[in-house]
Amino acid sequence: MKKIKNILILCGYMLVSFAVTAQNTNLQDELKRGRQLRLTYNLDDALGVFNKLLQQETDSIFRMEILREIMFCENGKNMLKFTATPIVVAYQTVSLKEFYYYYDLSLSGFWSLTPKSLLKELDVSEIKPFVYVSSKNPEVIYFDSRGNDERDWDIYETHMMPNNEWSAPERLSETVNTPFDERFPYLCHDGLTLYFASNGHYGMGGYDLYKTVKDPITGEWSIPENLGFPISSTDDDILYVPDDDNLYACFASTRNAGKDSITVYKIALEGTPVKQPLNHWPDIVKAATLHSPVTPVYIEKIAITAEEDSPEAKYQQQVQELQKFRQRNNTAQIELDQLRTDYSKTTDAQERKTLSVKIDLREQTLTQYQQEIKQLNKQIQELEYDLLTQGITTPAITHLPITTDTPISYLPKQTTLTPRPEKIISIPEIIVQAPIIAVTEIKDFTLRTKTESRVFENERIDGISYRYQIGVFSKKPDMKTFKGYTPVFIDERNGKWACCIGSFRTYAEAQKYTTIIKREFNDAMLVAYKDNKPIEVRIARIEEGKKPAGTTITPVNKNVAYQIVLGETLPNNLHKILQQATSKEIARIVVEGKTQYVAGPYSSKDEADKVVAVLQQSGFTDVSLNTIERK
């Protein structure tokens with residue numbers, strides 16, 4: 001009987017195991033189905049699948065995966081309210097390994113395979129690692145890497161030093177890099193505008209394309225701006241590169257491409273493209289393909305249904321004026337080109353004189369049109385911003401068909417792209433200064449999920465920080481309360497336990513996780529701290545951008561950088577203080593046969609001076625600031 005009983009128990013365990021396995025398989029299948037719906041822009045149907053899964057699933061890691069999918073869908077619905085129609089000049093589906101050969105643009109720099117000294121063991125990808133070197137900013141290289149022990153890709157920068165070595169690579173700030181992947185950076189010829197791909201910022205899933213601009217005074221990067229649908233799509237969109245004249249841009253996308261392939265698109269750029277909502281699924285799918293030949297349309301008449309004095313009506317009227325001036329400008333440009341052609345062909349002196357006068361007049365007319373277009377672009381941007389702040393979607397514009405006598409030859413014809421391997425130049429191997437690896441523990445406050453949450457009790461974080469408070473408890477909660485999220489901060493106040501999740505240096509960074517946190521913890525609210533003391537979020541946001549009273553900001557000089565000379569040795573307490581005062585790497589260099597430790601480089605003297613002041617106030621009076629010229 002005992003033997004039979006054991007057999008029955010074993011069978012029961014097997015049946016339960018089979019049931020659990022079947023349930024998990026069904027959940028994974030549903031997750032795949034929801035993703036497929038999102039990839040094909042059936043966003044409402046995808047949301048239905050994901051929300052149902054969220055009610056059934058209790059595993060915190062799987063729930064976070066579902067919440068990310070929900071966030072992608074909701075972001076996608078918002079992005080579809082403001083879409084433009086890019087003019088596709090050419091496209092070509094090519095091998096994923098060498099797609100950047102097909103970036104047929106007028107660029108002042110060149111592509112190169114990433115020097116081996118910048119690569120790490122984990123930097124393995126199906127795409128050959130490459131960098132872009134600008135002839136106007138050859139002293140700086142931006143590249144993507146997993147680092148020494150990271151699973152995710154981040155963007156790094158390195159600068160040429162006076163001794164022709166390169167500084168220890170420095171990871172860009174959290175404004176740019178997220179806990180997910182940031183890849184394919186491209187620095188424009190202005191030395192300030194950076195385009196990159198990410199699957200961690202606001203987007204509709206996969207890699208989207210973003211733009212961030214460096215403040216020339218503070219050296220800080222702006223909050224990345226998604227380039228919008230349909231440049232960014234539900235597929236992977238990478239390596240956005242505008243040409244030096246800002247007339248064309250290329251980017252690559254896995255949409256419409258098979259396995260191990262990618263499609264490179266070349267588009268004509270517009271100053272302020274008209275943005276409209278896309279509400280119908282067939283229109284969304286058609287816009288996402290980008291393959292349909294684009295024909296220009298001009299607004300001869302706009303059906304204005306709103307009141308004449310309303311913001312919507314003013315917006316429509318300004319768009320109408322902009323399109324009219326664009327049409328006049330393009331027509332005038334065609335006529336000018338023809339006049340110049342006639343002038344070059346004729347040898348008759350009188351005719352050349354007459355043509356010369358006409359060319360001068362036409363050039364003056366073009367200048368006037370371009371000034372009008374610039375002014376109208378500015379006004380439309382201001383109106384769009386006003387509409388957005390009032391929660392009003394930009395109104396749909398009624399386009400009338402183009403007439404047969406309207407000139408359209410100014411638009412480039414659809415062509416295929418030609419590879420340009422001659423643009424790939426190998427950089428000679430470079431010497432990169434090695435950073436000093438910290439002996440002390442570096443605490444990682446990146447928001448993520450684990451099997452078990454990591455808790456920090458009464459942890460001190462200097463400066464401004466933001467956290468999501470999930471509750472104040474009369475007794476210390478157990479680990480299940482935190483559902484596997486890390487990091488968790490617990491502060492004891494007057495016999496109560498205040499529990500928070502995550503730590504963010506900026507309000508913008510914290511806002512990215514609002515949807516995920518609030519779906520897991522209904523009562524969660526964003527709170528702020530200054531030097532570990534609670535303050536109002538409103539005050540914290542003001543403090544973020546505040547400069548110390550009585551200080552002045554020195555403009556950044558691109559031709560120089562600053563290093564803090566620490567001395568010939570590096571005491572542990574000096575290293576600790578330096579870690580708290582700056583995120584810059586420490587390097588060991590040899591100057592005239594002597595070893596020195598340095599921190600940097602710093603683009604801003606103000607930033608470097610602050611760190612020197614902290615070190616000197618802590619008793620390290622021998623540290624000094626060294627100015628170095630960038631080549």
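The values are calculated or read from the model by the stated rules, or taken from the named source; none is laboratory data. Everything quoted here is computed from the prediction, not taken from an experiment. Glycine also receives a Cβ, built like all others from the backbone with ideal geometry; neighbour counts cover every protein chain displayed. Side chains included, ligands, DNA and RNA excluded: accessible areas come from the protein's heavy atoms. Shrake-Rupley method; radii C 1.70, N 1.55, O 1.52, S 1.80 Å.
Listing for the model above:
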read-out	value
Distant-in-sequence amide H partners of PHE456 (H built 1.01 Å from N, under 5 Å)	VAL488, PHE489, ILE490
5 angstrom amide H check on VAL560, placed H, neighbours 5+ away	ARG630
Test item: Cα-centred dipole of region 141-198, Lys/Arg +1 and Asp/Glu -1 on Cβ, debye	100 debye
Hz values of 3J(HN,Hα) by residue in region 505-520 - Karplus curve (6.51, -1.76, 1.60), Gly and Pro given as x	7, 10, 5, 4, 5, 5, 4, 4, 9, 4, 4, 4, 5, 5, 6, 7
Links that overshoot a 21 Å alpha carbon limit, given the list LYS97/LYS259; LYS81/LYS512; LYS211/LYS314; LYS480/LYS518	LYS211/LYS314
Mean Cβ count within 10 Å, highest first, over the residues of peptides 310-323, 510-523, 192-205	192-205, 310-323, 510-523
Global form of region 213-281, assessed from the alpha-carbon gyration tensor, a/c cut-off 1.5	prolate
Å³ per residue enclosed by the Cα convex hull of region 29-113	183 Å³
Interchain or long-range residues, amide H under 5 Å from VAL89's placed H	LYS266, ILE267, ALA268
Accessible surface of region 328-372, 1.4 Å probe, proportion on carbon and sulfur as whole %	44 percent
Region 25-87 - percent of accessible surface contributed by carbon and sulfur, probe 1.4 Å	48 percent
Karplus-derived HN-Hα couplings along region 219-225 (A = 6.51, B = -1.76, C = 1.60, θ = phi - 60°), whole Hz, x at Gly and Pro	x, 8, 8, 6, 4, x, 10
Heavy-atom surface of region 168-291, accessible at 1.4 Å and reported per residue (Å²)	36 Å²
Sequence-separation-based contact order of region 302-381, relative, with Cα cut under 8 Å and 6+ spacing, percent	38 percent
Gyration tensor (alpha-carbon) shape descriptor, region 124-270, a/c threshold 1.5	prolate
Derived scalar couplings ³J(HN,Hα) [region 323-329; Karplus, 6.51 cos²θ - 1.76 cosθ + 1.60; whole Hz; x for Gly, Pro]	5, 4, 5, 5, 5, 4, 4
Protection-proxy order for peptides 487-497, 82-92, each taking the mean of Cβ atoms within 10 Å per residue, highest first	82-92, 487-497
Local net charge near SER134, Cβ-Cβ under 11 Å (Lys/Arg +1, Asp/Glu -1)	-2
